[in-house]
Amino acid sequence: MTRVVGCGFNRTGTTTLGACMSAWGFRHMPFHPQAFELWQAGDWDALFAWAQGLDSLADWPWALIYPQLDRQFPGTKFILTRRKDAATWFRSLCRHAEKTGPTLYREKVYGHATPHSYEEDHTRFYESHLRRVRAYFSERPHDLLEVCWEEGDGWEELSRFLGLQVPDMPFPHENRSG
């Protein structure tokens, strides 16, 4: 089974991506606090050991270390989930922060424990991440799939990219904002 890394930020459909991977039988790991702590500590050996036993990874810290995962696990496929625009992503991030409150995770990744008063910082970071991922894979387009569930991407794009059959089930749309 091909290893898959979701390199999109949180609130871009990473939970939906995980549901898709699980539907195909992938051993999937989404955001995990312990993995985040290992990333923060720079414990690459422990992170790689964890990733070794999994088929797919998404969200933090995995989206932050896609180049390291690419070098460690040749042949990995990468999926960049994104929102239709940065403003939509930021609104979703704010709604999520209203539910969860300030977090150390957001502070470590985005520089702020809550996003509300820092729209420019967040959208610049988000757009920069998209550009970095695209640039990193610019010479290897067959290793990166960029998807936006809001724009209609779904099973067809994922199936074609991964060489898998479309599952006999509706496309999951997990963790939707109201």
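Send over a whole-number figure in Å² for the accessible area per residue of the chain, probe 1.4 Å.
Value returned for the chain: 49 Å² of accessible area per residue.
So what are the radius of gyration and Dmax for the Cα set of the chain, in Å?
For the chain, the Cα-based Rg and Dmax read 15.5, 44 Å.
With θ set to phi - 60° and the Karplus curve 6.51 cos²θ - 1.76 cosθ + 1.60, what are the ³J(HN,Hα) couplings of region 159-165 in order, to the nearest whole Hz, using x for Gly and Pro?
Here the 3J(HN,Hα) series is 4, 4, 5, 8, x, 10, 7 Hz.
So which residue, out of Gly42, Gly111, Gly154, gets the largest mean-square fluctuation from a GNM of the chain using Cα contacts under 10 Å as springs?
Checking each option, the largest mean-square fluctuation is seen for Gly42.
Sort Arg134, Arg106 from largest to smallest accessible area, using a 1.4 Å probe on the heavy atoms of the protein chains.
Arg134, Arg106
Using the Cα centre as the reference, give the magnitude of the dipole from point charges on the C-beta atoms of region 1-160 (Lys, Arg: +1; Asp, Glu: -1; all else neutral), rounded to the nearest 20 debye.
Its charge dipole is roughly 40 debye.
On the accessible surface of the chain, probed at 1.4 Å, how many percent belong to carbon and sulfur atoms?
48 percent
Name the most mobile residue of Leu144, Leu17, Leu164, meaning the one with the largest mean-square fluctuation, in a Gaussian network model of the chain with Cα contacts below 10 Å.
Of Leu144, Leu17, Leu164, the most mobile in the Gaussian network model is Leu164.
Just Thr15, Thr114, Thr81 to compare: in a GNM of the chain, with alpha carbon springs under 10 Å, which one fluctuates most?
Of the options given, Thr114 has the highest mean-square fluctuation.
Could you work out the relative contact order of the chain, using alpha carbon pairs under 8 angstrom and six or more residues apart, expressed as a whole percent?
Computed value for the chain: 29 percent relative contact order.
The values are calculated or read from the model by the stated rules, or taken from the named source; none is laboratory data. Fair warning: this is a prediction, and the values are worked out from it, not measured in the lab. Don't worry about glycine lacking a Cβ; one is built from the backbone with ideal geometry, like all the others, and counts go over all protein chains shown. With ligands, DNA and RNA removed, areas are computed over all heavy atoms of the protein, side chains included. Shrake-Rupley method; radii C 1.70, N 1.55, O 1.52, S 1.80 Å.
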